[in-house]
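J.: Mind having a look at this structure? Questions to follow.
Every number here is computed from the coordinates shown, using simple stated rules; none is lab data. Predicted, not measured: the structure shown is a model, and the values here were computed from it. Here the Cβ is made from the backbone with ideal geometry for all residues, glycine too, and neighbour counts use every protein chain on show.
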Amino acid sequence: MNKIVVSDTTAITHLAKIGALDLLRKLYVEILIPDAVFTELSKAKKTQPGALQVLNSKWIKVVKINNQSIVNKLTNHLDLGESEAIALSIELQSDVLIIDEVKGRDIAKKLGRNIIGMIGVLLEAKKKGYIKTVKPYLDKLRATGFILGEDIYQLALKLSQESKVK
């Protein structure tokens with residue numbers, strides 16, 4: 001049985017920047033995104049990392065949200081892409097919501113969503129044998145400007161058993 005997986009923009013963009021977007025397909029088979037995420041990905045004349053993959057992908061699908069009232073409430077606190085991703089996750093009762101921004105994660109958790117971030121995706125990819133080590137991906141993410149604090153970096157290395165426990 002395939003899981004219902006909804007994603008915000010960040011994971012798609014940054015995984016595309018480091019050439020690892022295919023990990024999402026391997027892990028989840030299909031990713032659903034709302035219109036606002038599609039718009040964010042394709043707004044920069046299709047030069048945004050991930051935009052062409054989304055436009056040409058059969059495994060990333062754009063899904064229309066039926067309940068705009070949830071989106072309207074969420075946009076008081078979050079940007080439109082995050083708001084729509086959370087709303088779509090609620091509407092579809094998704095198994096997983098991929099979201100990285102702290103405020104969005106906090107709100108999604110309060111709304112009962114099962115969330116994972118990009119670091120979690122990388123850890124899962126290693127666990128399933130799709131990648132051998134997490135560290136090179138973490139380093140590439142940092143090089144793209146993805147904000148990854150030293151504490152989370154070290155925790156990811158520890159969880160992936162790539163560093164000695166202190």
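J.: What residues have an amide H closer than 5 Å to that of residue 62, excluding those fewer than 5 places away on the same chain, when H is modeled at 1.01 Å from N in the peptide plane?
T.: Hits under the 5 Å cutoff: 33.
J.: Count the lysine pairs in the range 86-158 that are 8 or more places apart or on different chains: how many have C-alpha atoms under 21 angstrom apart?
T.: 12
J.: How big is D, in µm² s⁻¹, for the range 50-123 by Stokes-Einstein at 25 °C and 0.890 mPa s if Rh is the Kirkwood radius over C-alpha pairs?
T.: 189
J.: Rank 145, 119, 160 by how far each Cα sits towards the positive end of the charge dipole of the range 115-166 (+1 on Lys, Arg Cβ; -1 on Asp, Glu Cβ) and give me just the farthest.
T.: In the range 115-166, that residue is 160.
J.: Another question, if that's okay. Can you give me the long-range amide H partners of residue 21? Hydrogens built in the peptide plane at 1.01 Å from N, cutoff under 5 Å, separation of 5 or more residues or another chain.
T.: 16
J.: Can you work out ³J(HN,Hα) from phi for every residue in the range 98-114, in order, using Karplus 6.51 cos²θ - 1.76 cosθ + 1.60 and θ = phi - 60°, giving whole Hz and x for Gly and Pro?
T.: For the range 98-114, the Karplus curve yields 8, 8, 10, 5, 4, 4, x, 4, 4, 5, 4, 4, 4, 8, x, 7, 8 Hz.
J.: So, one more: Once you place label points 7 Å from the Cα toward the Cβ at residue 144 and residue 64, how far apart are they in nm?
T.: My value for the distance between the label points is 3.1 nm.
J.: How many percent of DSSP beta bridges within the chain run antiparallel, rounded to 5?
T.: 0
J.: A further question on this structure: Between rounded, prolate and oblate, where does the chain land on the alpha carbon gyration tensor, with a ≥ b ≥ c its root eigenvalues, rounded for a/c under 1.5, else prolate if a/b exceeds b/c?
T.: Verdict is prolate for the chain.
J.: Quick one: 3J(HN,Hα) in Hz for the range 133-149, Karplus 6.51/-1.76/1.60 with θ = phi - 60°, rounded, Gly and Pro as x.
T.: The phi angles translate into 9, 8, 3, x, 5, 4, 5, 5, 4, 4, 5, 7, x, 5, 6, 9, x Hz.
J.: Among rounded, prolate and oblate, which fits the range 98-166 when a ≥ b ≥ c are the square roots of the eigenvalues of its C-alpha gyration tensor, a/c under 1.5 means rounded, and a/b larger than b/c means prolate?
T.: Prolate shape, in that a/c is at least 1.5 and a/b is the bigger ratio.
J.: OK, next. Using modelled backbone amide H atoms (1.01 Å from N, in-plane), which distant-in-sequence or interchain residues come within less than 5 Å of residue 4's amide H?
T.: For residue 4, whose amide H was placed from the backbone, the distant partners under 5 Å are 95, 96.
J.: Round to a whole angstrom and tell me the spacing of the C-alpha centers of the range 108-126 and the range 54-89.
T.: 17
J.: Shifting gears a bit: List the GluC sites (Glu not before Pro) within the range 102-166 that fall in a DSSP loop (any state other than H, G, I, E or B) and whose Cβ has at most 15 other Cβ atoms within 10 Å.
T.: Passing both the DSSP loop test and the Cβ count: 162.
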